[in-house]
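What follows is a short report on a single structure.
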Amino acid sequence: MSDGKFDGDSAGVTALIHHGYAPPAGFAAVQPPVHKASTVIFANTQALQARQWKDKTGYTYGLHGTPTTFTLEERISTLEGGLQTLLLPSGLAAIALVDMALLRAGNEVLIPDNAYGPGKDLARGELARWGISHRFYDAMDPASLAAALTPATQLVWLEAAGSVTMEFPDLPALVRLARAHGALTALDNTWGAGIAFNPFAIQPDLGVDISVQALTKYPSGGADVLMGSVTTRDDSLHLRLKATHMRMGWGVGANDAELLLRSLPTLALRYHAHDRAARRLAEWWSQRPEVVQVLHPALSGSPGHEPWQRLCTASAGLFSVVFDERYVPAQVHAFVDALQLFKIGYSWAGPVSLVVPYDLSAMRSQPDWRGTLVRFSVGLEAVDDLIGDCEQALVSLE
Ligand SMILES: *Cc1c(COP(=O)(O)O)cnc(C)c1O
């Protein structure tokens, strides 16, 4: 990790798997147990009054943490290279927590134009109604962020790579601008998953203030759990977030936490397998005459390839292709419908490959996109079978 890159095959991965917990005497099982509670019983009134929900010195109520959720919080901190983590019922709830805890009426939040769509909708909806303004900036142009920063800017969101169009931004340049302005930075790190790069050390001396993940994606890996995390390296910032987390009552269920604890030890293996397969498939697509662009930050010629190369040691199993304009959307939809192994559905990072067509003109404030885009999430099937599936479905395009 010395050059700021997270070496997914050594220190971090081992620390995650050999993460400590104290099993009952004589029962040193590999996996930690599942503890469930709403009520936690206190020995007496003095113990009731003395115990604090703010730190982890004791348990007060199931909503404020159990041994199971504390263990998961600590493991996500290890994965992210952070010190404190909060768990939420979804990735979107994690984004909402950051906005709600750090913004108030009169503040402005800056969001990349290519950020996860529902996070933008939250800004346009509840945040606007509460007197919190927002602006979208072009994450691929640091001058666009510089121009958007005002005295009202309290929080700058970052996302790497961008949703659907997969541009990898110059994170150090963006973080430096926000920091020089005195604004907090929050990264949606779902794509990197704590494997592709270390959000708190994108350079040896530079990191984001907050890293958010949809644990729903790679950390779960099963397409069957919804959960989010908010990780920090600063106690007072963590406590601001935790106070809102507490007041909103956003706890997570122990069984869901258990599924995450079960999946985390294989996270790095799965991430690299998705990465390898996605790169092979993306390279196959880049030879196809039907598409004009393949959007994958590890492919030279893709937007953000240079910062990706500088900052990352791996890439998620996601990429998009833009079909030639000679194909109308109905033809592209016929191709998508003809796919057999790629299933049509939202989310990503599970075992089953997924595909979604997108109309970008409805998603970007400055659309200069031509042609229909299709986003692929590569699962864990044999990559030759996935290539064969794309090849047979292309017949339906004509
Ligand atoms: C899926 C996703 C989210 C939201 O996660 P949910 O658990 O589905 O709410 C947030 N950000 C990114 C980048 C995502 O891909």
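The values are calculated or read from the model by the stated rules, or taken from the named source; none is laboratory data. Keep in mind the model is a prediction, meaning the values are calculated, not measured. Neighbour counts run over all protein chains shown; Cβ positions are idealised from the backbone, glycine included. Areas reflect the complete protein model, heavy atoms only, side chains present, ligands, DNA and RNA absent. Shrake-Rupley method; radii C 1.70, N 1.55, O 1.52, S 1.80 Å.
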Inter-label distance for SER300 and GLU381, nm, one decimal - labels placed 7 Å from Cα along Cα-to-Cβ: 3.2
For the range 233-342, the Cα-Cα pair-distance distribution in 10 Å bins from 0, as whole percents, is 11, 25, 24, 24, 14, 2
Within 10 Å of each candidate Cβ there may be at most 11 other Cβ atoms; applying that plus a DSSP loop requirement, which GluC sites (Glu not before Pro) in the range 275-353 survive? GLU325
Can you tell me the accessible area per residue over the chain, all protein chains present, probe 1.4 angstrom, in square angstrom? 42
Per-residue [θ]222 nm for the chain (sum of -39500 (n - 2.57) over DSSP H runs n ≥ 4, rounded to 500): -10000 deg cm²/dmol
Top of VAL321, VAL212, VAL352 by mean-square fluctuation, Gaussian network on the chain, Cα under 10 Å: VAL352
How many nm separate the modelled label positions at GLN203 and ASN44, each set 7 Å beyond the Cα in the direction of the Cβ? 5.8
Treat every Asp and Glu Cβ in the range 207-290 as -1 and every Lys and Arg Cβ as +1, leave all other atoms uncharged, and give the resulting dipole magnitude about the Cα centre to the nearest 20 debye. 100
Give the angle, between 0 and 90 degrees and rounded to the nearest 10, that separates the Cα long axis of helix 254-263 from the longest principal axis of the Cα atoms of the chain. 60
Using θ = phi - 60° and the Karplus curve 6.51 cos²θ - 1.76 cosθ + 1.60, what whole-Hz ³J(HN,Hα) does each residue of the range 65-73 get, with Gly and Pro shown as x? x, 10, x, 5, 6, 4, 4, 5, 4
Output row, site ARG104, 7 Å Cα→C-beta label point, backbone N cut-off 19 Å, window the range 238-271, residues 238-248
Return the Rg/Rh value of the range 327-398, two decimal places, where both radii are evaluated on C-alpha atoms and Rh is the Kirkwood radius. 1.00
Calculated FRET value between LYS36 and ARG247, using beta carbons and R₀ = 41 Å, to 0.05: 0.95
Please list, short to long, the whole-number percent of alpha-carbon pairs of the range 195-279 in consecutive 5 angstrom bins beginning at zero. 3, 12, 18, 20, 20, 17, 8, 3, 1
Cα-only radius of gyration and Dmax that characterise the range 115-229, units Å: 14.3, 43
Rounded to whole Å and sorted largest first, what semi-axes of the equivalent ellipsoid does the C-alpha gyration tensor of the range 68-184 yield via the square root of 5 times each eigenvalue? 23, 18, 14
Rg from C-alpha atoms of the chain, normalised by the globular rule of thumb 2.2 N^0.38 Å, equals 1.01
Charge dipole magnitude, Cβ of K and R +1, D and E -1 - the range 45-266, Cα centre, debye nearest 20: 640
The range 45-266: antiparallel bridges as % of DSSP beta bridges, rounded to 5, reads 40
The range 45-266: translational diffusion in µm²/s, Stokes-Einstein, Kirkwood Rh over Cα pairs, 4 °C, 1.567 mPa s: 73
For helix 383-394, report the angle its Cα long axis makes with the longest principal axis of the Cα atoms of the chain; keep it between 0 and 90° and round to the nearest 10°. 50
Which one of GLY119, MET166, VAL322 is farthest out on the positive end of the charge dipole of the chain, using unit charges on Cβ (Lys, Arg +1; Asp, Glu -1) and the Cα centre as origin? GLY119
Say the dipole of the chain comes from +1 at the beta carbon of Lys and Arg and -1 at that of Asp and Glu; which of PRO151, ALA298, CYS390 then lies farthest toward its positive end? PRO151
Evaluate Rg over Rh across the range 267-397, taking Cα atoms for both radii and Kirkwood's formula for Rh. 0.95
Return, ordered by residue number, the residues of the range 243-264 whose backbone nitrogen is under 18 Å from a label point located 7 Å along Cα→Cβ of SER347. 252-264
Order the peptides 36-46, 251-261, 188-198 from the highest to the lowest mean number of other Cβ atoms within 10 Å of their residues. 188-198, 251-261, 36-46
Using r as the Cβ-Cβ distance of GLN392 and ALA28, and R0 as 45 Å, what FRET efficiency do you calculate, to the nearest 0.05? 0.35
Sort out for me the Cα centre separation of the range 264-295 from the range 17-52, rounded to whole Å. 42
Highest GNM mean-square fluctuation, the chain, Cα pairs closer than 10 Å: which of ALA186, ALA147, ALA105? ALA147
